[in-house]
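Inspection log for the structure reproduced underneath, given as C-alpha cells.
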Amino acid sequence: MNRKFIDWPTFIAAFILLLAVVIPLVIYPEAGTEFVNKLNDFVSGNFGFLYLVMGLGIFFFLIFVAFSQNGHVKLGEKGEKPEFGTASWAGMLFSAGIGSSILYWATIEWAFYYQGPPFGIDPNEQQLEAIQWASTYGIFHWGPIAWAIYTLPAIPMAYFFYVRKTPVIKISETLRPLLGKNSDTVLGRIIDVLFIFGLLGGAGTTLALGTPLITTGVTDIFPLEDTMLLRTIILLSVTAIFGISSYLGLKEGIKRLSDFNLILAVFLLIFVFVTGPTLFIAETTTNSIGLILDNFFHMSTWTEPLANIEGFNETGFPESWTVFYWAWWLVYAPFVGLFIARISRGRTIRQVIVGTIIYGSLGCILFFGIMGNFGLYLQLTGSFDVVSVLNEQGAPVAIISIINQLPLARFMVIVFVILSIVFLATTFDSSSYILASVTQKEVENGEPERWNRLFWAFTLCILPLTLMFLGGLSTLQTASIVGGFPLIFIMFLLAWSFMRASTGDLKADDKFRPKTVVLDYKSIREKIRLRRLRKKEKKNPKNNDEE
Ligand code: NM2
C-alpha cells in the first residue's frame, strides 16, 4: 500500500463526517432518528421546489448544450472512434447508474400511486385516472429528467479529461475555471467531501431498500427466518461481493459483473413480457409514454402549493416522491457522471447527452413497463391482491409474492434475488472505486489503490449496518434528501464551469460563431445576382462570347 498517493484531508474529513452521523445515532437512537426525520421534513417541505426547479433546469440546460456549438465538441482526437461501441456503452452506463432499486421500485411503485394518486385524484371515485397514473409516474421518476441529472456532471468531467487533458477525478478540479486557486484550498476540499457525503447518503438509501428485499427473497427460497442476523449476514456478503469486484478493478471485476448483470436482466424482462400479459404490458406502457409527454411540465413542476393552506388536503406526494427521487438521483450524479465520462472517449458532447438521456430512460421504461404492469395486471384482474400484501406485510414481501405468480416461480425468485444482488454490486463496486479515486491525489496507472477501494466498499455499508441494528433502516431511505441538498448548488456550479471553459476555449481557437448575425440584404441581393450570372455563363459559354 502506498500512503503517499492518498489525499489525507479529504479522506479523513469524509470519514469523520460519516462517524459524526453514525456515532450520535448509535448513542441516541431515538432522538437521532427524530432529528434526521425532522431535518428531512424541513428540507423537503421548504426546499422541495428547488429540487424540482433544478431538475427541469438541468434538462433544458443539457438540451441547449446538445444543440449548441459546445455540443459539437468531440471528447477526443481528430478521427478517433468512440472507445466503446454504443451497445456496450449504454449497457455499462445503465449498470453503473442503476442498482437493485430498479427491481424494487419497478415492481411495486405503481401500488403506492394506486392508493395515493397524484394531482388530488380520489383513488376510489376516479379509479381509471388513478390506475393510469399508477403505471405512469414511476416511468417519469426514472425518465429523462432523472437521467439529465446524471448527465450534467459527466459533461464537464469528460471535457476536462479528454479535451483539456487534465486527469481530473475530483469535483473541485472540475470547478477550477470558477474557483481558480481556491480549488486547492479548504473550499475545494469541502466540495469534494460534500460529494462523498452525498454518495454515502444515496448508497445508504439503496442498501436500506436492497437488503430487506434480498433477505425476503432468501427466506422464500430457503427455510430461514427473516432475522436481524440474517440481514446482517446478507449485507456483509453483498458488501464482500462488491468489495472483491472493486478490488479486482475495472476490467477484471466491474466489467465482468456488469456483463453478467445485463444478460440476466434481459432474460428476466423477456420472460415476464412473454409469459405475462404481453398485450396489456405493451398497451399500458405505450399509454404511459403518451401521458408523460402530455403532462411533462405539470409533472415536473407540481409542488402541491395549496397544501400549506388550512382547509386544503395535503397528500405530500411531491415531497415523498418527486423531490425524494430527484435528490436520490442527485447524490449519485457526480459518481455516475465520472463513470460516464470515463467510458465516453471519442464521442461528441451531444452524443453523450442525447445517448445517456435516451438509452437510460428507455432501459427504465422497459423495467417499469414490464415488471410494474405485470403486478398491476394481477391486481386489476383480481388474480392476486398485491395492495393488501403491501399494506399488511410491506414492500419486500409484496415484490417477492409478485415474482411468485410467474410460471416457474421457484426458479424465477432465484433469478430475481441473484439479479438484485448483482445489480447492487455493479453499482457499489463502481461507487467504491470512484470514492477511492476522489480520496487520492494521484491515481497510479489510472487505478486507485486496491486497499483504498476495499476500504470504501466496507465504509459504504457502515451506515446501513448501524441503522439496521437500531431498527431505523427506514430513516436511511430518505437520507438522500439531506445528503443531496448542498449538491443542488454544486450542480449549478458544474454547469457554469463547463460553459465558461468550453466557450472560452472555442473562442480562443476562433471556432466560436458570434451569436448575433447582422444581414445586409442589399449586398446579399447583389451576391445572388452575381452568382446567377456566373451560373448562366457556365451553362452557355458561347452565348456570352457572342454578347
Ligand atoms: N437511483 C437511480 O439504488 C440504486 O438503484 C442506485 C438509484 C438514483 C434512483 C440508484
Looking only at the stretch 189-214, and only at residues there that are closer than 21 Å to Ile403 by Cβ and small (Gly, Ala, Ser), the one that is nearest to the ligand (Cβ to nearest atom): Gly210
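Conditions tested, residue by residue: (1) at pLDDT 85 or above; (2) crowded, with 16+ Cβ neighbours inside 10 Å; (3) of a type outside the set (Phe, Trp, Tyr).
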site: Glu77; (1), (2), (3): yes, no, yes
site: Phe94; (1), (2), (3): yes, yes, no
site: Pro117; (1), (2), (3): yes, yes, yes
site: Leu128; (1), (2), (3): yes, no, yes
site: Trp142; (1), (2), (3): yes, yes, no
site: Ile145; (1), (2), (3): yes, yes, yes
site: Ala148; (1), (2), (3): yes, yes, yes
site: Tyr159; (1), (2), (3): yes, yes, no
site: Glu173; (1), (2), (3): no, yes, yes
Subset of the stretch 399-437 [of a type in the set (S, T, N, Q), farther than 15 Å from Ile214 by Cα and either surrounded by fewer than 24 Cβ atoms within 10 Å (Cβ to Cβ) or away from the ligand (no atom under 13 Å from the Cβ) (or both)]: Gln405, Ser432, Ser437
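Select, from Ile263, Ile270, Ile191, Ile214, the only residue that is in contact with a helix residue (DSSP H, G or I) (Cβ under 7 Å, 6 or more places away or on another chain) and either within 29 Å of Ser88 (Cα to Cα) or not in a helix (DSSP H, G or I) (or both).
Numbers: Ile263 fails: in contact with a helix residue (DSSP H, G or I) (Cβ under 7 Å, 6 or more places away or on another chain); Ile270 fails: in contact with a helix residue (DSSP H, G or I) (Cβ under 7 Å, 6 or more places away or on another chain); Ile191 fails: either within 29 Å of Ser88 (Cα to Cα) or not in a helix (DSSP H, G or I) (or both).
Unique residue meeting the criteria: Ile214.
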Long-range neighbours under 7 Å by Cβ, at least six apart or interchain, first residue under 15 Å from Ser172 (Cα atoms) within the stretch 191-210, second more than 8 Å from the ligand (Cβ to nearest atom) and polar (S, T, N, Q): Ile191/Ser172; Asp192/Thr10; Asp192/Ser172; Val193/Thr10
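Test of understanding: among Phe324, Phe280, Phe296, which residue is within 20 Å of the chain's Cα centre (by Cα) and at pLDDT 90 or above? Before you say what the answer is, go through the steps one by one.
Details: Phe324 fails: at pLDDT 90 or above; Phe280 fails: within 20 Å of the chain's Cα centre (by Cα).
On inspection, the qualifying residue turns out to be Phe296.
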From the options Phe60, Phe140, residue that is out of contact with any Ser or Thr (no Cβ under 6 Å at 6 or more places or on another chain), aromatic (Phe, Trp, Tyr), away from the ligand (no atom under 13 Å from the Cβ) and farther than 23 Å from Leu207 by Cβ: Phe60
Residues of the stretch 97-117 satisfying the condition of being more than 13 Å from the ligand (Cβ to nearest atom) and not in a helix (DSSP H, G or I): Gly116, Pro117
Hits in the stretch 260-277 (condition: within 24 Å of the chain's Cα centre (by Cα) and surrounded by 15 or more Cβ atoms within 10 Å (Cβ to Cβ)): Phe260, Asn261, Leu262, Leu264, Ala265, Leu268, Leu269
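The values are calculated or read from the model by the stated rules, or taken from the named source; none is laboratory data. Predicted model, so just to flag it, every value in this text is computed and none were measured. Backbone-built Cβ (ideal geometry, glycine too); neighbour counts: all protein chains shown.
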